[in-house]
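J.: Can you keep this structure in mind? I'll have questions shortly.
The values are calculated or read from the model by the stated rules, or taken from the named source; none is laboratory data. These numbers come from a predicted model, not from an experiment. Note that we place each Cβ from the backbone using ideal geometry, even for glycine, and neighbour counts take in every protein chain shown. Just so you know, the surface numbers come from the protein's heavy atoms only, side chains and all, with ligands and any DNA or RNA stripped out. Shrake-Rupley method; radii C 1.70, N 1.55, O 1.52, S 1.80 Å.
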Amino acid sequence: MEYEAKAIGEEDRPQLAGPQAPSRRRRKWILAAAILLLVVLAAWFVFGRGDGTDPAAAAAEPAGDAQVPAVTVMVPGRESVQTVVTGTGSLAARREMPIGVAGEGGEVARVLVEPGSWVGQGQVLATVDRSVQAQTAQSLEAQVRVARADARIAQSELDRSQQLVGRGFVSKADIDRKTATRDSAQAQVRVAEAQLAETRARNRRLDIRAPAAGLVLTRSVEPGQIISSGSGTLFRMAMGGQMEMRAQLSETDMARMTVGVPAEVTPVGSTKTFRGEVWQVSPVIDPDSRQGIVRIALSYDAALRPGGFATARIVSGARAAPLLPESAVLSDAQGNYVYVLDGQNQVQRRAVKVGEVSDAGVAIAEGLNGTEKVVVSAGAFLNPGQKIKPTLRKTGR
């Protein structure tokens, strides 16, 4: 019986496992199919959903085209570029007037102006004591009155004698003597008047006066000071308040300067710019410094102080030339150059000569006519003959 039971148990086991084996295999296939579906969906989402590109087509794209760099280029054309010359120098009065003693001098009684005062032509700047000169003038005035009285008497005597000459009471010789006396008296009047006028003129010259209207720059005289013709300069004035800058330029820049060209002057320590124009170009060059002086006329302003230092930008002319950003111009041991595109979008090196450099860009004096496609940036990473994908940039800056 035991043998039969054991045999029966061994036979029952395969019979119980038979229905479960297909179920397990089915679950494995379902799980594998789900995983495969998820992988396909993920691949479609990543490679196909964003731009609709077929992954197979993308893989078929040539690897060489994908490595061609995209570079910005521009056609510069030709623009009017100003030729600007910069220089440094000092500020000064355009017409400085040193004022000293014009007369005999003496003790200064009063000083009537201070530096920075505006004065008119002939205005008294300082007065000199004239007590002695005033007495001399009064004495001469008295002499003039005496001479005029003598002249009147001589004229009266001559008139009476001329009335009596016809009656025979006065001879012709007496008339001649009285005429001569009258003429002498009148001459004495003129001499006395001339002496008085000279004294008055000398007295007026005792005062220190402004020779022209303008601005007082310096004063070196005080009341009580004794002055004379050897006292030197007592006042310095700027005629009309006009100022100038005396810019020092090299020989090359001097050759481009002409009278009347505009200029901008900026004093050191100030952000304000003053407009003027060149009114004089020095006819000589300093043999030591090889520089010349260009004088720029300026209107009066309190910020323009004679003796101060300033910088100047002088526009010496204008010319039409291609204008490029600084990033487009490269340089090496062979000189300055740019990269231009040929018909196959390949970069080619082009040697150029640089002109004016300003905030607007770099003017090309030689090497370009303005119709070329010029690489704007990234030129340092390119090689001649390299192919690029050009992106055209407008020339507006």
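J.: Is segment 367-382 home to any residue that is under 29 Å from the mean Cα position of the chain (by Cα) and open to solvent by 60 Å² or more (accessible area, probe 1.4 Å)?
T.: no
J.: Still on this model: In segment 200-259, how many are open to solvent by 50 Å² or more (accessible area, probe 1.4 Å), in contact with a strand residue (DSSP E or B) (Cβ under 7 Å, 6 or more places away or on another chain) and within 30 Å of Thr136 (Cα to Cα)?
T.: Number of matching residues: 7.
J.: If we keep just the residues of segment 282-306 that are open to solvent by 40 Å² or more (accessible area, probe 1.4 Å) and part of a strand (DSSP E or B), which is nearest to Arg95 (Cα to Cα)?
T.: Arg295
J.: Select, from Val170, Val165, the only residue that is in contact with a helix residue (DSSP H, G or I) (Cβ under 7 Å, 6 or more places away or on another chain), surrounded by 12 or more Cβ atoms within 10 Å (Cβ to Cβ) and in a loop (DSSP other than H, G, I, E, B).
T.: Val170
J.: Taking only pairs six or more apart or across chains, which ones have beta-carbon atoms under 6 Å, a first residue in segment 148-165 that is within 14 Å of Gln186 (Cα to Cα) and at pLDDT 80 or above, and a second residue that is outside any helix (DSSP H, G or I) and among the aromatic types (Phe, Trp, Tyr)?
T.: Partner pairs satisfying both residue conditions: none exist.
J.: Could you grab me the full set of residues in segment 348-366 that are open to solvent by 50 Å² or more (accessible area, probe 1.4 Å), over 27 Å from Val68 (Cα atoms) and in a strand (DSSP E or B)?
T.: Lys353, Val357, Ser358, Glu366
J.: Now, a different point. Looking at Thr266, Thr252, Thr233, which one is of a type in the set (Ser, Thr, Tyr), under 27 Å from Phe309 (Cα atoms) and more than 32 Å from the chain's Cα centre (by Cα)?
T.: Answer to the check: Thr233.
J.: For segment 173-196, how many residues meet the condition of being open to solvent by less than 50 Å² (accessible area, probe 1.4 Å), more than 60 Å from the chain's Cα centre (by Cα) and at pLDDT 85 or above?
T.: 6
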